[in-house]
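Inspection log for the structure reproduced underneath, given as structure tokens.
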Amino acid sequence: MGKTIHLLYTATTDTTGGRENGVARSSDGVLDIRFSNPGSSRIGTNPEQLVAAGWSASFASSVAQVARDKGIKLSADVRIHAEVDLSSDHDEYVIGVRLAIHLPLVERDVATALIKAAQRICPFSRATQGNVQTVFELV
């Protein structure tokens, strides 16, 4: 038998328009953003920035969870620098992701093990495995 899945949360947004002149609002009103194209002078964010923020936050939580499970104390200065590339071969668009993970005061081999374990439990990493070129780098 398969695992039983328990729904923990559903994010709900309504988006009007697209990346050029769109707006998105969450059902609870906390998120209320305008979209703009990358490099545009128009005020707003773009979907790639949102992916970078969401993935890095999720991955940081996954690293913390793995560390807790293994009894490893992490510094409050854990930092993840995320870069999300939007590329095109003129037929289709693809994204690529690089996460530079800073785990101060953790030995390199321990930090590497934490990152590998976090990749297996991070929802973003799992959802895109095999679909998005992703680089995880310990810095």
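Annotation: extensible slack from Ser27 through Thr45 equals 4.6 nm (criterion: 0.36 nm per residue apart, minus Cα-Cα distance).
For Lys3, a cut-off of 29 angstrom between C-alpha atoms picks up these lysines, skipping any fewer than 8 places away in its own chain: Lys70, Lys116. What you get for the chain, charging only the Cβ of Lys and Arg (+1) and of Asp and Glu (-1), is a dipole of about 560 debye around the Cα centre. Listed from fewest to most Cβ neighbours within 10 Å, the set Ser26, Ser58 follows the order Ser26, Ser58. Relative to the longest principal axis of the Cα atoms of the chain, helix 47-70 runs at roughly 20 degrees.
Note on Asp89 and His102: the model spin-label points, each 7 Å out from Cα along the C-beta direction, lie 3.6 nm apart. Largest mean-square fluctuation among Ala113, Ala11, Ala60, in a Gaussian network model of the chain whose springs join Cα atoms under 10 Å apart, belongs to Ala11.
Remark: spin-label model distance Leu8-Lys116 equals 2.4 nm, labels positioned 7 Å along the Cα→Cβ axis.
What is the Cα convex hull volume of the chain when expressed per residue in Å³?
On the way: hull volume 24.6 nm³, N = 139.
Considering the Cα atoms of the chain, their hull volume per residue is 177 Å³.
A short reminder: the numbers here are calculations on the coordinates, not readings from a lab. What you are looking at is a predicted structure, and each value in this text was computed from that prediction instead of being measured. Quick reminder, even Gly has a Cβ in these numbers, built from the backbone with ideal geometry, and neighbours come from all protein chains shown.
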